[in-house]
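Before any comments, here is the structure.
The values are calculated or read from the model by the stated rules, or taken from the named source; none is laboratory data. Everything numeric in this text was worked out from a predicted model, so none of it was measured. Ideal geometry is used to build each Cβ from the backbone, glycine not excepted, and the neighbour counts take in all protein chains shown.
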C-alpha cells in the first residue's frame with residue numbers, strides 16, 4: 001500500500017513539474033511580446049503628434065500668417081498689445097478669459113467693455129461688492145465666474161500686495177477659478193510665457209489635424225493634446241499663436257460646416273487628407289478603374305497600431321461625416337428635469353409705481369447671491385389649488401402675513417435651460433392692494449420698482465418670467481379697455497334711443513284707424 005501511495009505521489013510530482021515548466025514558457029513569450037509593443041506605441045504617437053521639425057515650422061508659419069492677415073479686433077487683444085502696465089494687462093486678459101468660458105465672443109464684448117470701464121484695475125474690482133458684481137454679470141450666465149473673479153481680486157490685493165501672478169504656475173495656484181487652460185492663456189497672451197493652451201476650439205483643431213478619434217475628454221487624449229500644443233507653440237509669439245489656434249477653431253475649423261478650403265494648415269491635416277483620398281477612391285470606382293491607385297494621392301496613412309492605440313477612433317470611419325469624424329465626444333448626460341413654482345408679487349409703491357418682491361438666493365450653489373421672485377421646487381404633479389396653497393404659505397412666511405389662495409392668478413409656464421438642468425417655471429401672480437410689507441419681511445427680501453428690477457442682479461430666467469407676466473398684463477389691459485369701450489358704446493346707444501323716444505313723445509302720434517274716420521267722428 002505504501003509503495004502504491006509512493007508511486008502515486010511520484011507521478012503527481014512529475015505531472016506538476018511538467019505543468020509548471022509548460023506554463024513558464026508562455027509567460028516568457030508574453031513578456032517578450034510586451035517589450036515588443038513599445039516601438040508600436042512610439043510609432044502611434046508619431047502619427048497622432050508632430051515629430052518632423054519641418055512640419056512644426058510650416059504649421060507655425062502658416063497659422064501665424066493667416067492670423068495676422070485676418071484676425072478679429074477684440075478689446076482684450078488691444079489691451080494685451082498696447083497696455084504697458086503688466087499688472088493691468090494681466091488683469092484685463094484674465095477678466096476676458098473668465099468671461100469667454102462657455103460664452104460666445106459676440107456676447108462677451110459688451111460685458112467686457114462695461115466691466116473694464118467700471119473696474120479698470122484689480123484694486124477697483126477688489127473694492128466692489130458681490131451685489132455689484134452680480135448686477136454687472138446679470139445675463140452672462142454661469143454666475144459663479146463673476147464671484148470667483150471678485151474673490152481672486154480680493155486675494156491679489158490682500159495677500160499678493162496688489163500684484164497679479166507673473167507665471168502660469170502662479171496663476172494656476174493663486175487665483176480661484178483658474179484652471180490649466182485659463183492659466184496658460186493668460187500666461188502666454190499677457191506675460192509672453194511659452195506654453196500651449198488647449199480649449200474647446202483647439203481640441204477640435206488638433207483632433208482633426210492629427211486624426212485623434214478617441215474620447216476627447218479621456219486622460220490619454222487630454223495629455224496628448226497638451227503635449228502637441230506645447231510642441232507647436234511659437235517660441236517668439238506664444239500669445240499670438242494660441243489666439244490663432246482658437247481663432248481657427250472658431251471661424252474655420254468649426255463644429256459643423258468647417259471651411260476646409262480656407263484652412264491655412266490644410267496640407268498638414270490627416271482628416272482632410274483622408275477625406276480627399278476617400279473621394280478619389282470613390283471617383284475611381286465610379287469610373288470602373290478599381291485596380292488603379294490615383295496618381296495624385298498616396299494610400300491613406302493610418303496609425304500602425306490602430307488596434308491598440310488609445311488615441312485612435314473606436315468607431316469606423318463615416319464617409320458622410322468627413323472631417324466631422326473628429327473629435328469624438330462622449331454622449332452628454334441628460335439634464336435634470338425640474339419644475340419650480342414662482343410667484344410675481346406686486347404692491348402699490350410710494351411714488352405711484354408698482355413694486356415687485358424679490359428674494360436673494362443662497363451664497364453658494366446655482367445662481368449664488370442672485371435675486372429672484374419667490375420660488376419653491378415643485379415635487380411631483382400637484383393640482384392648481386395645492387400649488388396656490390404652497391405659494392401662499394411660502395410668500396406668507398416671507399412677509400410675515402397670512403394670504404388667501406384666491407388672490408393668486410395663474411400666469412403660465414416659462415422654460416429655461418441651464419447646462420445641467422431643464423427648468424420649467426410655473427408662474428403665478430399675486431397683487432397686494434396695500435403698500436408696506438404687510439408684516440415683518442425677512443432680511444433676504446427686497447421690494448423693487450420696475451427700473452430697479454431691470455438693473456438688479458437677476459438671471460435670464462427671471463427676465464423671461466417678467467416678460468411672460470408683462471404679456472399677461474398687456475392682454476388683461478386690452479381686455480379691460482375693450483370692455484370699457486364696449487360699455488361706453490352701449491351707453492351711447494341707449495342714451496341715443498332714450499333721446500329719440502323723448503323727442504317723439506312731444507308730438508301726438510295718430511293711430512292708423514284715425515286716417516279713416518269721418519270729420520264728424522273726429523269731432
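Are any of the residues in the stretch 364-384 touching a residue at least 24 places away in the same chain (Cβ under 8 Å), outside any helix (DSSP H, G or I) and exposed (fewer than 13 other Cβ atoms within 10 Å of the Cβ)?
So far as the stretch 364-384 goes, yes, one or more of its residues are touching a residue at least 24 places away in the same chain (Cβ under 8 Å), outside any helix (DSSP H, G or I) and exposed (fewer than 13 other Cβ atoms within 10 Å of the Cβ).
For the stretch 151-170, state whether one or more residues are touching a residue at least 12 places away in the same chain (Cβ under 8 Å), in the same structural domain as residue 258 (by TED's automatic domain parsing), more than 22 Å from residue 123 (Cα to Cα) and within 24 Å of the chain's Cα centre (by Cα).
no
Tell me which residues, restricted to the stretch 227-263, are free of Cβ contacts under 8 Å to residues at least 40 places away in the same chain and within 23 Å of residue 53 (Cβ to Cβ).
Hits for the stretch 227-263 are 229, 230, 236, 263.
Which one of these is in the same structural domain as residue 137 (by TED's automatic domain parsing) and either modelled with pLDDT under 80 or closer than 30 Å to residue 135 by Cβ (or both): 34, 42, 103, 19?
Values: 34 fails: in the same structural domain as residue 137 (by TED's automatic domain parsing); 42 fails: in the same structural domain as residue 137 (by TED's automatic domain parsing); 19 fails: in the same structural domain as residue 137 (by TED's automatic domain parsing).
Just one listed residue meets the conditions, 103.
So for the stretch 59-68 (the condition being loosely packed, with under 10 Cβ neighbours inside 10 Å, in the same structural domain as residue 120 (by TED's automatic domain parsing) and at pLDDT 95 or above), does at least one residue qualify?
Going residue by residue through the stretch 59-68, those that are loosely packed, with under 10 Cβ neighbours inside 10 Å are none.
No, every residue in the stretch 59-68 fails to be loosely packed, with under 10 Cβ neighbours inside 10 Å, in the same structural domain as residue 120 (by TED's automatic domain parsing) and at pLDDT 95 or above.
Just one of 192, 196 is surrounded by fewer than 19 Cβ atoms within 10 Å (Cβ to Cβ) and touching a helix residue (DSSP H, G or I) at 6+ places or on another chain (Cβ under 8 Å); which is it?
Numbers: 196 fails: surrounded by fewer than 19 Cβ atoms within 10 Å (Cβ to Cβ).
Just one listed residue meets the conditions, 192.
Residue-wise test of (1) assigned to a strand (DSSP E or B); (2) in the same structural domain as residue 138 (by TED's automatic domain parsing); (3) at pLDDT 90 or above.
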position	(1), (2), (3)
395	no, no, yes
403	no, no, yes
427	yes, no, yes
437	no, no, no
440	no, no, no
462	no, no, yes
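Restricting the search to the stretch 85-101, which residues are part of a loop (DSSP other than H, G, I, E, B) and crowded, with 16+ Cβ neighbours inside 10 Å?
The initial filter retains those residues of the stretch 85-101 that are part of a loop (DSSP other than H, G, I, E, B), namely 85, 101.
Across the stretch 85-101, the qualifying residue is only 101.
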